[in-house]
Amino acid sequence: MNIQKLSIFGTDNIGVYIFSNDKYTFVPKNLDNETKKVIRENLDTEIIETTIADSFLIGIFMTGNNNALLFPKNIRDEELRVIKELAKDVRVEVLNLKTTALGNVILTNDNAALVYPEFSDAETKQIKEALEVDEVKKGRIAHVSVVGSVGVITDKGGIVHIDASDDEINELSKLFKINIDIGTVNFGSAFVRSGLIANNKGILVGSSTTGPEILRIQKALGD
């Protein structure tokens, strides 16, 4: 599987700016052509340039899987209209949740989702129906409630916070129906989503991610 180092706007925290599934990769507007070429070649998707609520922090505000793309209630109408026009091969849903940082509070692949433990049952049901997954569970990873920020999963594998226990790893592996490992990015950050983007075809890591970290990520997320 392709894996490439990347930085955006001078930072290695690429995961806060980018979201990808197997069809589309969402990136901030005004990204340079060379960076877009690296993203396109490694993730093998179409690129959609956008803002969400006038923000470049796309990886924090949106989430989704290959069934649906989920956006927060504060997305602007014009942003949503353009996204719906460009992302024609997947459903686009706006969630009316108390939080707008969907990328931080929802961890999902095409099988299941783990969500922020403080969500109501009604909010959890809304997420499950939007993602079209078999199961949605409320929970934490390594005592962290913003579960989307400490994990990256695909339909092939996943990697989560370095302090996740063996029991947590086993439960997550059963939930998502994949093998999951622990690891870090960007020279020791346990918030793996901040420096890692992956789909079923490729992986991008922050530029300061070390060789041993990359090997672990590739083993966890690769074929």
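In the structure shown, the pairs Lys37/Lys219; Lys125/Lys201; Lys5/Lys36; Lys88/Lys156 are assessed against 19 Å; a Cα-Cα span above that value is assigned to Lys37/Lys219; Lys125/Lys201; Lys88/Lys156. The three principal axes of the Cα atoms in the chain give end-to-end lengths of 45, 43, 25 Å, sorted in falling order. Taking one quarter of the surface of the C-alpha convex hull of the stretch 1-132 gives a mean projected area of 8.0 nm².
If you place +1 on the Cβ of every Lys and Arg and -1 on the Cβ of every Asp and Glu, how big does the dipole about the Cα centre of the stretch 129-223 come out, in debye to the nearest 20? All intermediate terms of the calculation are to be shown ahead of the outcome.
Working: 10 positive and 13 negative charges, 51 e Å.
That gives the stretch 129-223 a dipole magnitude of about 240 debye.
For the stretch 98-192, the antiparallel share of DSSP beta bridges with both residues in that region comes to about 55%.
Given a 1.4 Å probe and every protein chain left where it sits, what share in percent of the accessible area of the stretch 44-97 is carbon and sulfur?
That fraction is 46 percent.
In the chain, the DSSP beta bridges split such that about 45 percent are antiparallel, to the nearest 5. Each peptide among 109-119, 129-139, 71-81 gets the average number of other Cβ atoms lying within 10 Å of its residues, and from highest to lowest they stand as 109-119, 129-139, 71-81. Where a ≥ b ≥ c are the square roots of the eigenvalues of the C-alpha gyration tensor, would you call the stretch 115-223 rounded, which needs a/c under 1.5, or, failing that, prolate if a/b is larger than b/c, or oblate? Prolate, since a/c reaches 1.5 and a/b exceeds b/c. Expressed as a whole number of Å, what is the distance separating the alpha-carbon centroids of the stretch 42-70 and the stretch 155-222? For the stretch 155-222 versus the stretch 42-70, the Cα centre distance is 20 Å.
Multiplying the sequence separation of Asn170 and Leu57 by 0.36 nm and subtracting their Cα-Cα distance, what value in nm do you get?
On the way: separation 113, 0.36 × 113 = 40.68 nm, distance 3.14 nm.
Full extension of this stretch gives 37.5 nm more.
Taking the square roots of five times each eigenvalue of the Cα gyration tensor of the stretch 9-82, the equivalent ellipsoid has semi-axes of 19, 15, 11 Å, listed largest first. The dipole here belongs to the chain: it is taken about the Cα centre, uses +1 on the Cβ of Lys and Arg and -1 on the Cβ of Asp and Glu, and is about 160 debye. Under the criterion of Cα pairs below 8 Å and six or more residues apart, the relative contact order for the stretch 93-193 equals 26 percent. Computed from point charges on the beta carbon alone (+1 for Lys and Arg, -1 for Asp and Glu), the dipole magnitude for the stretch 81-160 about its Cα centre is near 220 Debye. As a calculated quantity, the FRET efficiency between Leu80 and Asn2 at R0 = 45 Å, using C-beta atoms, amounts to about 0.90.
The values are calculated or read from the model by the stated rules, or taken from the named source; none is laboratory data. Since this is a predicted model, take the numbers as computed values, not measurements. With ideal geometry, Cβ positions are generated from the backbone for all residues, glycine too; neighbour counts draw on all protein chains shown. For the accessible areas, the whole protein counts, side chains as well, though only heavy atoms, and no ligand, DNA or RNA atoms are used. Shrake-Rupley method; radii C 1.70, N 1.55, O 1.52, S 1.80 Å.
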